[in-house]
Amino acid sequence: MRTADITRNTNETRIRVSLNLDGTGKQAIDTGVPFLDHMIDQIARHGLIDLDIKCDGDVHIDDHHTVEDVGITLGQAVAKAVGDKKGLTRYGHSYVPLDEALSRVVIDFSGRPGLEYHVPFTRSHVGRFDVDLMREFFQGFVNHALVSMHIDNLRGTNSHHQAETVFKAFGRALRMALTPDPRSEGVIPSTKGVL
């Protein structure tokens, strides 16, 4: 079982993430930011990752620290659960539509953090959620999961739809990349021999 349990405590947030990469999409998410909970639910369900996330953060100030730190902690948990990456498919991609919106996410478990993020939101907020924080979430994830990732919202006029297609595509791309490849069992999927 590829599982991990990570606790990260700072003066701004106290976070616990437990996950099973070979799950069924079960989730229990309480970050204190309802829209973020809804988006992380998409990762669990569409990535078939069992996720248990609890965060107590300084949301009385704003949601920034919580959103970024949940991304960091989720990235740490994924990196731990993946282990040495032997037999990993490594690459994953997905296009996901939702009504008028369409997003694409491409991920590589390369061992090198890198994020290309192109999401031209049509509004600054979804409800009370500042959409600028999505980039912070994914940057935190990329830096600590040690992945290269390209996120592109190709079209959309409804900011909720734009965000949701990004998170669904992220879940699906994760699922593809994290799937063990039975043809390369025990082999690091790299000409370098290390990721």
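The values are calculated or read from the model by the stated rules, or taken from the named source; none is laboratory data. Predicted model, so just to flag it, every value in this text is computed and none were measured. Quick reminder, even Gly has a Cβ in these numbers, built from the backbone with ideal geometry, and neighbours come from all protein chains shown.
Brief remarks follow.
- For segment 1-52, residues that are more than 14 Å from D69 (Cα to Cα), crowded, with 22+ Cβ neighbours inside 10 Å and among the β-branched types (V, I, T) total 2.
Conditions (1) among the β-branched types (V, I, T); (2) closer than 18 Å to G92 by Cβ; (3) in contact with an Asp or Glu (Cβ under 6 Å, 6 or more places away or on another chain); (4) in contact (Cβ under 8 Å) with a residue 60 or more places away in the chain, marked per residue:
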| position | (1), (2), (3), (4) |
| --- | --- |
| D22 | no, yes, no, no |
| A28 | no, no, yes, no |
| L36 | no, no, no, yes |
| D41 | no, no, no, no |
| I53 | yes, no, no, no |
| D58 | no, no, yes, no |
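- Within segment 59-81, the set of residues being part of a loop (DSSP other than H, G, I, E, B) and acidic (D, E) comprises D62, D63.
- Of the residues contained in segment 106-125, none is found to be touching a Pro at 6+ places or on another chain (Cβ under 7 Å) and either at positive phi or not in a helix (DSSP H, G or I) (or both).
Listed here are the residues, each with its yes/no results for (1) of a type in the set (S, T, N, Q); (2) buried (at least 21 other Cβ atoms within 10 Å of the Cβ); (3) over 24 Å from S18 (Cβ atoms).
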| residue | (1), (2), (3) |
| --- | --- |
| D69 | no, yes, no |
| I72 | no, yes, no |
| A79 | no, no, no |
| K86 | no, no, no |
| T89 | yes, no, no |
| R104 | no, no, yes |
| V131 | no, no, yes |
| F137 | no, yes, no |
| K168 | no, yes, no |
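- Among all positions in segment 82-102, there is at least one residue which is part of a helix (DSSP H, G or I) and either in contact with a Gly (Cβ under 7 Å, 6 or more places away or on another chain) or in contact (Cβ under 8 Å) with a residue 60 or more places away in the chain (or both).
- The numbered conditions (1) out of contact with any helix residue (DSSP H, G or I) (no Cβ under 7 Å at 6 or more places or on another chain); (2) in contact (Cβ under 8 Å) with a residue 24 or more places away in the chain are all true for N11 except (2).
- Of all residues making up segment 14-42, the number that are over 19 Å from L174 (Cβ atoms) and of a type in the set (K, R): 2
- Options R123, R135; residue that is modelled with pLDDT of 95 or more and in contact with a strand residue (DSSP E or B) (Cβ under 8 Å, 6 or more places away or on another chain): R135
- Verdict on D56 being in a strand (DSSP E or B), of a type outside the set (V, I, T) and in contact with a Lys or Arg (Cβ under 7 Å, 6 or more places away or on another chain): yes
- Here E116 passes the criteria (1) loosely packed, with under 15 Cβ neighbours inside 10 Å; (2) touching a residue at least 40 places away in the same chain (Cβ under 8 Å) except the one numbered (2).
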